[in-house]
Every structure is written in structure tokens, then in C-alpha cells.
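All of the numbers you see were taken from the coordinates with simple rules; none came from a lab. Nothing here was measured: the structure is a model prediction, and the numbers come from that model. So basically every Cβ, Gly included, is an ideal-geometry build from the backbone, and we count neighbours across all protein chains shown.
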Amino acid sequence: MQPSIAVLELDSIAHGIVVGDAMAKRSPLDVLRTGTVHPGRYLVLAGGQTGDVEEAVDAGRLAGASALIGVTFLPDVHPDVVAAIGGARRTAGEALGVIETRTVTAAIEAADAGIKNAAVVLRELRLADDLGGKAYILFGGPLTEVEAAVEYGVARLDGDAHPVTHVTIAQLHEEMDDNLRADARFMPRVAGAGSPDDPAATGRGG
């Protein structure tokens, strides 16, 4: 998906399929991945040479029209962003920065800005599914660098139509870090709670 990627986010599945088709017909892309995400949205991801991806985005914008809710075009995408889109997760540093967005495209844009401008690790990039369509980024590293990454990420979205929430934790507690490194969803984390093998049920928990 390098050196350039683009992601188009639509609130219509039908229009999303039309957009993907229009983009594929316009340019010889190296990668085209499309599909549904919650809540009933459609994503189109394109990757390849910068000029080809840019032309495909133009075609997608035209085909998507009012169904588009977000477009991000990264002509020199950071490789860690590509890895995170693919589900890669990493850990590092005592500080944690979180950026939460209303759209997938906004989160990808902020993640790229943050990691390019600060010495941080992109711990995770969660996108749409099981989040009601929202997305969030986790940055890890030294406090000053994490603060900078969050600032750059939020600044990239300045004027974006979708609200952004962001926080920085100077020293993440080990137990909370364990939770973040495990399954991010709540129900898998509590499955089996209260069973005889659960330390909290037998009084063995701390």
C-alpha cells in the first residue's frame, strides 16, 4: 500500500460499491480493498503510486457525491500506519496518548500526522467495527513525545466536521496497560467472571 494510500468512507453501501468500481476503472492501483463496517458504512482503500491514487480519489469523490462522509489521501504514508490499518498492535513507553474520532478517515489522518512528527509508537488503530463507526488511536512513548503526537494529530483535523476527543496519560498504570494489550472489547475481558476459577469470586483477587 505504499508509497500512497487513500481511504474513502461512505454512509451508503450501494454508493460505496459504485465508488470502488469507479476508482478501479480510473487508475491502475496496486491495492484496492473495500467492505462494510459498522454502522452500515462502506470503506474503500486504495494504494499505489501517488499519481494513480490521486486520480482514483478524484473519481471516487465524483462517484460518491453526497454519500461521502470522509476522504483521506496520504501521498507518503508512514509504514506503521499501514501496519496498524492491517491490525498490527505494539506496546511502548510509560505515557499514553489517545485520539478518538467520529470517522475512520479522520483517525487514519491523525495517526499519520502524529507518528511522523513525534518519536512515538503507534500502539493501535481501531476502526469502526464494535465502535459504532467511531475510531481511535493509541500512541505510546515518553510523555513529551506522546503529547506532541496527540497535538499534531488533532491539529491535522482542525476544522474537520467530525468532533475529536483526545487525552494524554502521563504514566499509565500497569493493570490498565494489561487491559489495553489484551482484547479491547469489554465482553471478552469479562467472560467467565464470577465462575469458580475467577479469583474475584473466591476471594483470591487483589
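Sort out the exposed loop trypsin sites (Lys or Arg not before Pro) in the chain (DSSP loop, at most 13 other Cβ within 10 Å) and tell me the longest stretch that has none.
1-184
As a test of the formula, what do you get for the chain when each DSSP H run with n ≥ 4 contributes -39,500 (n - 2.57) and the sum is divided by the residue count, at 222 nm and rounded to the nearest 500 deg cm²/dmol?
-11500 deg cm²/dmol
I need the phi-derived Karplus couplings for segment 133-139: 6.51 cos²θ - 1.76 cosθ + 1.60, θ = phi - 60°, integer Hz, Gly and Pro marked x.
Whole-Hz 3J(HN,Hα) from phi for segment 133-139: x, 6, 8, 8, 10, 10, 9.
Average projected area of the Cα convex hull of the chain, in nm²?
12.3
Do any chymotrypsin sites (Phe, Trp or Tyr not before Pro) in segment 62-142 lie in a loop, going by DSSP, with at most 14 other beta-carbon atoms within 10 Å of their beta carbon, and if so which?
Sites meeting the loop and neighbour criteria: none at all.
Could you work out the Rg to Rh ratio of segment 86-128, with Rh taken as the Kirkwood radius (inverse of the mean 1/r over all Cα pairs)?
Expressed as Rg/Rh, it is 0.93.
Take every DSSP beta bridge whose two residues both sit in the chain, then give the antiparallel share in percent to the nearest 5.
Here the antiparallel bridges make up roughly 100 percent for the chain.
Convex hull over the alpha-carbon atoms of segment 1-103: what's its volume per residue in Å³?
98
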